[in-house]
Structure formats: C-alpha cells, structure tokens
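For reference, the structure is listed below as structure tokens.
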Amino acid sequence: MSEKVGFVTMGEVKGIMENIPELGVGMLGYAFMGKAHTNAYKKYPYIFWPPVAIPKLVAICGRNEKAVKEAMVRYGYEKYYTDWREMIEDPAVQILDNNSPNYLHAEPSILALERGKNVLCEKPLAGDAQEAKKMWEAAKKSKAKAMVNFNYRFVPALRLAKEFISSGKLGEIYHFRAQYLQEWIMDPDFPIVWRLDKSTAGSGALGDLGAHIIDLARFLVGEITTVSALTRTFIKERKTVEDPNKKVPVTVDDAFVAIVEFEGGAIGTLEASRFCAGRKNYQYIEINGSRGSIRFNLERLNELEVYLVGEEPKIFQGFQDALITESFHPFYEYWWPQGHIIGWEHTFVHTVAHFLDAIVNNKDIAPYGATFEDGYRCALICDTILQAAESGRREIVPRD
C-alpha cells in the first residue's frame with residue numbers, strides 16, 4: 001500500500017506566511033538570559049501556531065567582540081554590535097530585548113522607547129526605584145510596548161493559581177509566604193562578579209531572587225503596603241578574577257527576610273538567599289484563604305497543591321496534588337498531550353507569545369504580563385525592604 005508524498009512549493013510557503021508580519025529583534029546580552037530569550041523566539045512560531053508574528057533575529061550586542069560574534073553564529077543572528085546605541089538605531093530592529101546587567105537596563109531601554117521600539121527588559125527593571133520610575137515614564141510617553149520579563153507569571157500552575165484567587169475560590173486571602181533559595185555563591189573562593197557589586201546589580205539576593213517573589217506577591221494577592229526586614233552579607237570580601245591575591249568588598253546582600261502587609265489585609269513573609277546548601281533553584285509559594293489554600297514549588301513546576309474547604313470526597317483531609325498538564329489548563333493547548341510536562345525554558349516562550357501578541361494586536365501588557373509600572377512598584381518594595389533593614393523599623397511602601 002503506497003502513501004502519498006507531498007511537496008510544498010516556495011510559492012505555497014510564501015502564501016502561508018505572507019500575512020504573518022516579521023518583527024526584528026535586537027538582543028542586548030548574550031549569556032544565560034540571552035540564550036534563554038533567543039531559545040524562546042526560535043520556538044515561539046511553531047508552538048503558538050499560527051504565530052501573530054515571526055521574530056527575526058536581526059542583531060545581538062555585547063562589549064566583548066569575540067564572545068558576541070560567537071553568540072551571533074551560535075544563536076543565528078544576522079549581525080552583531082559592540083555598541084548598543086548603534087544597534088538601537090538600526091532600522092531593522094523593532095524590538096530591544098534587554099537582558100544586560102542591571103545597570104544597563106535603564107539607558108538602552110529608554111532610548112529604544114524614545115525611538116518607538118518595543119522593549120522586553122529583564123528583571124529587576126532597574127537598580128533602584130528612582131531609575132525604574134524614569135523607565136516607566138519613558139514607557140508611558142512611548143507608543144511602543146514595554147514589558148518586564150517576570151517569567152514566573154507564565155508558569156501554567158501559577159496562572160491557574162491566579163485564576164483560583166481572582167474567581168474567589170480561596171475566599172478572603174489571609175497569608176502569602178514565599179521563599180526563593182539558591183546556593184551558587186557559598187564558596188568563599190568564588191570571585192567577585194557583577195551581581196555582587198551594588199553599582200552594577202543594585203542589590204543582591206533581593207533584586208536577583210526576591211524581585212521574582214515580590215512580583216508574584218503583587219500579581220497573586222495585591223499591593224504591599226508595609227515591610228519589616230533583615231538583610232545579611234555573609235562573605236564581606238571576595239577575590240577578583242584579575243588578581244586572586246586582591247580582595248574587594250561585597251556591597252550587596254547575600255540574603256534577606258521580610259514581613260509584609262498587603263492592602264487587602266493579608267500578611268506575608270518573603271525570603272531569598274544565595275547561601276542555602278543543596279538548593280539549586282528552589283522557589284516555594286503558599287497562599288492561605290478563608291475557603292482554601294494552594295502551594296507551589298518551582299522544582300515541580302507542573303504541579304499545584306490545592307486544598308479547598310468542604311470539597312468532596314471527605315476522605316481527603318489535606319492538600320491534593322494536581323498535575324497541571326491538561327489541554328484546558330493555561331498554555332497547554334499549545335504543547336503536548338496530558339501528562340507530558342514542560343520545563344523552565346517554556347515560561348520564556350509564553351512570555352514572548354504574550355509580548356508579540358500585545359505588539360501586533362495592540363493589546364495591553366497588563367494584567368497578565370508585567371508592565372514597566374509593575375517593575376517600578378517591585379523596585380519600590382525592594383528599596384523599602386533595604387530601608388527597613390537599615391532602620392530596624394516597619395516602613396511604609398511609597399504610593400507614588
């Protein structure tokens with residue numbers, strides 16, 4: 001029994017694709033996040049079919065010419081730049097994807113918005129709230145779209161948690177508690193890097209890890225109004241890469257803990273540390289309400305533990321572990337059959353899908369995506385946590 005062999009002509013391909021616009025991407029940064037973001041742009045068009053746009057990998061930028069040229073070849077960009085200003089002025093670049101170190105988030109993003117280019121910026125939005133506010137103001141003035149890559153908003157289980165809370169399934173929210181724990185800088189011989197320098201990072205575990213759980217607290221429960229906090233730097237000096245015999249101060253926090261109060265009356269705890277032996281990328285969230293509770297663990301990101309008061313059958317007296325991989329769960333219509341899990345990288349694909357849809361169809365980034373205002377509000381809370389840790393008092397989060 002023979003089967004039909006089919007061919008698609010170039011004309012037919014053109015016919016299929018002619019109504020799908022291209023959007024030129026200029027990538028600022030080529031390391032960890034550059035790889036994650038590029039992977040998302042390349043996966044997006046065939047996973048979210050039909051795509052609203054085809055991301056075109058126009059240019060990638062970095063200071064180290066040898067490294068950025070290699071990244072261009074590795075990732076499939078058309079050209080490279082060593083000056084981000086030149087890349088932003090490139091007429092083929094319509095999106096600035098800014099995953100550079102924190103100190104380079106503001107100036108390139110603001111320039112891109114002034115030039116009418118859409119901006120996807122890594123978190124935290126800036127080194128402090130003052131800088132973040134300038135970015136938000138630039139976004140308000142621009143007709144382009146601006147989004148912060150708080151990618152955990154796009155975890156299917158957390159999106160389902162958002163639906164639970166918004167629909168009232170958990171009732172009145174009483175508690176929010178979250179931890180984000182890693183171990184990667186515990187070795188005293190680990191050298192100083194930009195993430196350990198306040199001038200380039202803004203803060204330590206607070207901005208690196210804490211920003212994520214602060215954003216999720218706002219996303220899921222609401223605005224934080226007051227904070228009390230402690231911060232700690234466990235290793236106060238580290239050697240330099242250039243000279244192992246020379247040590248320089250570590251000027252950011254290694255860990256923080258905070259007690260927070262929400263506008264709606266809930267109370268919460270936030271904790272982040274890069275000094276937790278055995279914790280590779282552990283993020284834990286629990287929310288308790290009058291009608292139920294939910295728990296989430298990033299290391300098991302396809303699962304959501306749920307307890308709803310009064311749910312049948314009565315045999316279940318505690319949490320039930322739900323596998324969030326059915327076609328009716330958030331995002332899974334685009335992926336695999338039920339039970340076939342997705343991973344951390346796919347949160348970036350979801351982020352890109354949301355961002356491109358907002359650009360092409362002129363949709364709002366909010367409420368599911370993080371706007372530059374969200375990035376600013378998160379930065380305000382980070383600054384207030386540092387203020388509370390220094391003062392030893394409960395501090396009010398500014399409203400403006």
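The values are calculated or read from the model by the stated rules, or taken from the named source; none is laboratory data. What you see is a predicted model; the values in this text were computed from it and never measured. Because the Cβ atoms are built from the backbone with ideal geometry, glycine has one as well, and the counts that use them run over all protein chains shown.
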Residue that is hydrophobic (A, V, I, L, M, F, W, C), closer than 30 Å to LEU113 by Cα and surrounded by fewer than 20 Cβ atoms within 10 Å (Cβ to Cβ), where the choices are ALA366, ALA370: ALA366
Scan of the range 317-355 for residues that are within 16 Å of the chain's Cα centre (by Cα) and of a type in the set (A, V, I, L, M), ordered by number: VAL349, VAL352, ALA353
Any hit, the range 357-374, residues being in contact with a Gly (Cβ under 9 Å, 6 or more places away or on another chain), at pLDDT 95 or above and in a helix (DSSP H, G or I): yes
Boolean, LYS56 is closer than 17 Å to ASN149 by Cβ, surrounded by fewer than 19 Cβ atoms within 10 Å (Cβ to Cβ) and among the charged types (D, E, K, R): no
Within the range 42-119, helices (runs of 4 or more DSSP H) holding 2 or more residues that are of a type outside the set (A, V, I, L, M), outside the structural domain of GLU333 (by TED's automatic domain parsing) and free of Cβ contacts under 8 Å to residues at least 24 places away in the same chain: 65-75
First in the range 191-219 and closer than 18 Å to PHE372 by Cα and modelled with pLDDT under 95, second anywhere and of a type in the set (Asp, Glu) and surrounded by fewer than 23 Cβ atoms within 10 Å (Cβ to Cβ), Cβ under 7 Å, 6 or more apart: GLY202/ASP128
Test: residue in the range 174-186 that is assigned to a helix (DSSP H, G or I) and modelled with pLDDT of 95 or more: no
Residue in the range 234-243 that is crowded, with 22+ Cβ neighbours inside 10 Å, of a type outside the set (D, E, K, R), touching a Pro at 6+ places or on another chain (Cβ under 8 Å) and not in a helix (DSSP H, G or I) present: no
